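Every number in this text was worked out from the coordinates using simple rules, so none of it is lab data. Quick caveat, the model's predicted, so the values are computed rather than measured. All Cβ positions, glycine included, derive from the backbone under ideal geometry; neighbour counts span all protein chains shown.
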C-alpha cells in the first residue's frame, strides 16, 4: 500500500513560496527578464504575481545572516574605501606605494625582482579582482581620477587575469585577512601578458627595466582611464 509522507513543520522546512524567472530575447539579441512570485497552497503553486521590490527585500533579509560571513577586527582599516555584501560580496581598498618583489614570465623580457609601484586600488567582487592606479599627489575623494595599473595581466577595465592563482578566501573570518590574502595572491602571481596598450606612457618593458630596484615609482608615466573612484562602487 502506498504511503504518503507527512512533513511536520517543527522538523522540516516546508515550502511556502516559489520565484520563477523568465527570459526572452528580442530581435537585437538583447535579453529581457521577468520574475513572478507564487505562494504554495497544499501541493500546488498559486497564480503568479510580479515580484515586487518589497517582497524581494524581505526575502533578502532572511538571507543576510548567511551572507555576512566576515567581520572587522576592530576599527575600520584606514585604507578601506568601500565594502558591501548585498547581492555580491565587495571590498574596495587602496594599497600604499612601495617597492615589491614581482615575478615575470621569461618571455616578457622583464626580469623578476624588486620594483616600485604607485598607489593601487583593489576592487574584490566575489572572486573577481580589479586593480587600478592612483596618483599619490591627488587627494582621495569620490571624484579622484583612476589610472591604468602599470602591470601585466590587467585588462583595460581593470580586471585581473589571475591564471591558476587561488582566490578562495572563504576560510577567513576577518575582512582584513581577506584583503591581505588577495594582495598576497596578486603580487606573488607570475605576470605574463600585456592585455592592452595603455599600461604606461612608453613601452612597459622599458619602463619596468628602468624602474628595477628604484625606491619610488614615477607617477608621470601613468595613463588615466577616464574613470573616477566613485564609479567603482556605484556600478
- Item | Max mean-square fluctuation residue, GNM over the chain, Cα-Cα springs under 10 Å, options 138, 171, 23 | 23
- Task: Would you calculate the separation in nanometres between label points at residue 85 and residue 20, each defined as 7 Å from the Cα along the Cα-to-beta-carbon direction?
- Result: 3.4
- Task: Find how many whole Å separate the alpha carbon centroid of segment 71-95 from the alpha carbon centroid of segment 133-188.
- Result: 13
- Label-to-label distance, nm, for residues given as residue 203 and residue 174 (7 Å Cα→Cβ offset): 4.6
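Just need the relative contact order of the chain here, percent rounded to a whole number, with Cα pairs under 8 Å and 6+ apart.
On the way: 380 pairs, mean separation 42.2, N = 235.
Rounded, it is 18 percent for the chain.
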- 37 °C / 0.692 mPa s Stokes-Einstein diffusion coefficient of the chain, Kirkwood radius on C-alpha pairs, µm²/s: 154
- Mind pulling the angle between the C-alpha long axis of helix 53-67 and the longest principal axis of the chain? Nearest 10 degrees, somewhere in 0 to 90. 70
- Normalised convex hull volume, segment 82-212, alpha-carbon set, Å³ per residue: 117
